[in-house]
Every structure is written in structure tokens, then in C-alpha cells.
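The values are calculated or read from the model by the stated rules, or taken from the named source; none is laboratory data. Please read these numbers as outputs of a predicted model, since none were measured by experiment. Please note: Cβ atoms are built from the backbone with ideal geometry, for glycine as well, and neighbour counts cover all protein chains shown. Accessible surface is based on the protein model in full, side chains and every heavy atom, while ligands, DNA and RNA are left aside. Shrake-Rupley method; radii C 1.70, N 1.55, O 1.52, S 1.80 Å.
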Amino acid sequence: MPFQELVEAEGHLIDSHVMENIFDQVVEHQGRFEVEQFRIGRTNSEPSYLRLKVETADQDTLTRLLNTLLELGCAPVDASDATLRPVERDKCAPEDFYSTTNHRTYVRIGQQWVEVENQRMDAMIVIENGRAFCRRLRDLKTGDQIVVGLRGLRVIPESKERNRLEFAFMSNGISSERQVETAVRQTAALVRHAVEHGQKVVVVAGPVVGHTGGVTGLSELIRCGWVQALLSGNALGVHDAEAALFGTSLGVRMSDGRQAEHGHRNHMRAINAIYHAGSVQAAVDQGVLSCGVLYECVKANVPFVLAGSLRDDGPLPDTITDMNEAQDAYARCLKGAGLVICLGSMLHSIATGNMLPSWVKIVCVDINPAVATKVSDRGTGQAVGVIADVGMFLDMLSKALA
């Protein structure tokens, strides 16, 4: 085959099945490969090394193959600098721009490898003053120098844990047969680890937290300092306020599960009460809101973001209805995150996963296995699903961390 390239990869290639994936991709592209060098890591910390010659029948196939291999951490040996091209118009990138993954990425600039900052998927790499940044398409400005093509790039996929005794469940995928007690214990260990290392624990929550009785558990986690940010939609705020003000959730009494008289209007009464106060913060300050998840966030000075949607009632005065602003607010809260716990919200969990680098662990809790599966399938491969009732999980987790 006349078109060939020498590529190399380094890391836990065997444990994480990277090497077999590399071979599979070459075969799928009707190419050939020849292993020129392979060194296996002998300890948990020592990486393996692979040097491979790949061949294809035409240049287009070789380009597509190299693009796929790059995402697996397999880059051309050719150590040339990355190719840069200027943005000629705001929000418009050159056609051959490089689209990022959520894996740790390096760019070769001035014969030096520079780590890309603000790593996230589906972004462009902008070079400024010798530094490299991920930047969304809508944030590109005329004159920005962005990376095009595949040369001068290295992607480092997250490896499977070599220490099988440490957070082993994190590599077990999604299973409804996983013991909830085990998942809670491991999640509690992840929470402690993140907090002890100065990293944020961010909770992404849907209104199911209120419907399943999880408010008490989540409130306890916030009150005790285990949560550093809360991301959600308008619905969580509305139903949290409804439960705090009227003791109902969607008009159903939390005490006995019976429909409250005229309970169908309670969520609108809750929105009205917050509007009368002016905001959630003002409602807490005025004594209107005296319990609940948002109350605990205000009292503990934990930032929360409520992102609006088309179906929102109200919405609450704190809800951000501009989607670009809501995304930016989410991204600010996710900076410095070491662990994200997603609780019963497919939309917000997927959105959050898209903003995170692959080394931030995600625990996705939902009674529906499809939710956790979709979060992982949308590119957030580090997400681990726990199939359980959200209220029960929060109660057990708060007790495990008490």
C-alpha cells in the first residue's frame, strides 16, 4: 500500500484495551499495520509504549484513519509543530479546523509540547502567547489563531485504573445488578477524596430529588460541606420551593402521599411567593423560605444555577432563560470539579458531561438504566451508572458521609 505513516502511543495500552482498538481501527479502514516496537509497563505506574507503521491504499483513507487513531492517543511520530490558521470572521472557523475531544490534549508550538487549557469536547484550539485554549465555535473572534489538521497534536485518553482495589466499580460500566450499598460506599470515598484534594463536588439534580424524598439527604450533604455547586433546571427550584412552603410535590402531600386540596396550583403559588420576595436569596433573607435544597445553598453560600427550558412554569426569577448564558454559568461552576454526581436528569447530565474533561469522574444515579447509558454514549465515557432510587441513594450517601 503506497500511503503510510509511522505512529506511536504511550499509556496503559493493554489494561484499557487501547492497543486492540488501534489494531481494529486499522483493519476497519482496510489498512495494514506493522508493530515496529512495543514495550510493556511492568508496574501500575509504568506506561507501555507502541510504535506502529500503518498503511492504506489512498491518502483520504489514511487521513481518516489518523484522525481516528489520534482520539485513541495514537499520534504521528513526525514531531512538526501544529498548523495554525487565522479566523477570518467571528464564529467562523476554517474548514479543516481540529475539533477537540474531552481527553487531555497537547499541542506542539515552537518545538515544545503545550497542554491545552479548559479541555472540553467539540471545541477549537486557540493559540495565544504560547498557550493553548479550548474555545467554543460561538466564542471565536476574527484574528484568533486556531489549530487545523492533525499534525503537532497528542491526545491522552483516560486509562483504566491499574489499582483494581481503588474505586474498582468505576470501570464496571452500567449495571442494574450493582449493589447500591457498594456504589454508595465507593461514591462516598470519591467525595472525600475530591474534598480532601481541594476539588469541587458538583451535583446535577432533577426535580425527582424532591419527588423521591431526596431533599433531606441532599440538604444534609450541602449543609455539611460535601457539595460545592448545584446545577439544575427551573423545575427543581419550583418543586423545592413548593415542598418548603406547602409540604407538597406536584400537589401531592409529602407526609402521606395524598393529593392536597387545590394542590395542583401549589407550584404556581410557590413561584408567586418567590417573585414577591424578589429572588431565592431574598426569600431566604426574609424568612419566606426556611428549608429545602435552595435554602441550604443560600445559607452555605453554595452557588446554584437554574437553567431554563421551553416548558418552564414561571420561571423563577433566578432561572437563566438565555441558553448561552446558562451554559456559561454551568461551565464556571464546573471549573475545578473533581467529581460530578448526576441525579435523575438526562438533559442536564448530558449537557454537563459535554463540558467536562475526561479525567473528572461522573456518578450518574437514576432508576432508569437508559439515562446513565445515554450520558456515557454521548461521549462522556468516564460516567458510571448507578441504577437506584435517587431519594434512597441520597439518604444512604448522606449517612455514609455523616
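Output the strands (runs of 3 or more DSSP E) that fall wholly within region 1-113 and possess 1 or more residues being charged (D, E, K, R), open to solvent by 80 Å² or more (accessible area, probe 1.4 Å) and touching a strand residue (DSSP E or B) at 6+ places or on another chain (Cβ under 9 Å), or say none. First the steps, then the outcome.
Numbers: elements: 3-11, 32-39, 48-56, 83-86, 104-109.
It comes to 3-11, 32-39, 83-86.
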Legend entry - Search result, residues across region 198-211 that are at pLDDT below 95 and in a loop (DSSP other than H, G, I, E, B): Gly206, Pro207
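What number of residues within region 305-334 satisfy the criterion of being of a type in the set (Gly, Ala, Ser), more than 21 Å from Gln228 (Cβ to Cβ) and touching a Pro at 6+ places or on another chain (Cβ under 9 Å)?
First pass over region 305-334, keeping only residues of a type in the set (Gly, Ala, Ser): 307-309, 314, 326, 329, 331.
When the remaining residues are screened for being more than 21 Å from Gln228 (Cβ to Cβ), the result is 308-309, 314.
Then keep just the ones that are touching a Pro at 6+ places or on another chain (Cβ under 9 Å); that gives 308-309.
Going through region 305-334 one residue at a time, the tally reaches 2.
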Inset, instruction - Go through (1) under 16 Å from Gly287 (Cα atoms); (2) touching a His at 6+ places or on another chain (Cβ under 8 Å) and name the single condition Gly233 misses. - result: (1)
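Looking only at region 101-142, count how many residues are in contact (Cβ under 8 Å) with a residue 60 or more places away in the chain and farther than 25 Å from Ile350 by Cα. Working first, answer last.
As a first pass, look at region 101-142 and keep what is in contact (Cβ under 8 Å) with a residue 60 or more places away in the chain: 101-104, 119-122, 138.
Next, from what is left, pick out any that are farther than 25 Å from Ile350 by Cα: none.
Number satisfying all stated conditions: 0.
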Inset, instruction - Being open to solvent by 30 Å² or more (accessible area, probe 1.4 Å) and of a type in the set (A, V, I, L, M, F, W, C) is the filter; apply it to region 202-217 and report the residue that is farthest from Ile350 (Cα to Cα). - result: Val215
Inset, instruction - Check whether at least one residue in region 349-366 is assigned to a loop (DSSP other than H, G, I, E, B), open to solvent by 40 Å² or more (accessible area, probe 1.4 Å), farther than 25 Å from Leu190 by Cα and in contact with a strand residue (DSSP E or B) (Cβ under 7 Å, 6 or more places away or on another chain), and report yes or no. - result: no
Inset, instruction - Would you mention how many residues in region 238-265 are over 34 Å from the mean Cα position of the chain (by Cα) and at pLDDT 85 or above? - result: 2
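Can you confirm whether region 331-340 contains a residue that is buried (at least 18 other Cβ atoms within 10 Å of the Cβ) and basic (Lys, Arg)?
Step one: filter region 331-340 for residues buried (at least 18 other Cβ atoms within 10 Å of the Cβ), giving 333-334, 337-340.
Keeping just the survivors that are basic (Lys, Arg) gives none.
So far as region 331-340 goes, no, none of its residues is buried (at least 18 other Cβ atoms within 10 Å of the Cβ) and basic (Lys, Arg).
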Legend entry - Any pair with Cβ under 9 angstrom, 6 or more apart, that starts in region 383-399 at a residue that is over 11 Å from Leu343 (Cβ atoms) and outside any strand (DSSP E or B) and ends at one that is β-branched (Val, Ile, Thr) and open to solvent by 10 Å² or more (accessible area, probe 1.4 Å): Met392/Val180; Met392/Thr212; Asp395/Thr216; Met396/Val180; Ser398/Thr216
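Based on what the data block shows, is Asp122 at pLDDT below 95, in a loop (DSSP other than H, G, I, E, B), of a type outside the set (S, T, N, Q) and surrounded by fewer than 13 Cβ atoms within 10 Å (Cβ to Cβ)? Full working, then the answer.
Details: at pLDDT below 95: yes; in a loop (DSSP other than H, G, I, E, B): yes; of a type outside the set (S, T, N, Q): yes; surrounded by fewer than 13 Cβ atoms within 10 Å (Cβ to Cβ): no.
Judged against the criteria, Asp122 is not a match.
Checking the conditions here, which among Ala57, Ala79, Ala9 is in contact (Cβ under 8 Å) with a residue 24 or more places away in the chain and within 31 Å of the chain's Cα centre (by Cα)?
Being in contact (Cβ under 8 Å) with a residue 24 or more places away in the chain and within 31 Å of the chain's Cα centre (by Cα) holds for just one of Ala57, Ala79, Ala9, which is Ala9.
Of everything in region 367-380 that's outside any helix (DSSP H, G or I) and open to solvent by 60 Å² or more (accessible area, probe 1.4 Å), which residue is modelled with the highest pLDDT? It would help to see each step written out before you state the result.
At the first step, the residues of region 367-380 found to be outside any helix (DSSP H, G or I) are 367-368, 378-380.
Next cut, open to solvent by 60 Å² or more (accessible area, probe 1.4 Å) only: 367-368, 378.
Values: Ile367: 91, Asn368: 87, Arg378: 65.
Checked region 367-380; the qualifying residue modelled with the highest pLDDT is Ile367.
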Inset, instruction - Scan (1) of a type outside the set (Lys, Arg); (2) at pLDDT below 95; (3) touching a Lys or Arg at 6+ places or on another chain (Cβ under 6 Å) for the single condition Glu296 breaks and write down its number. - result: (2)
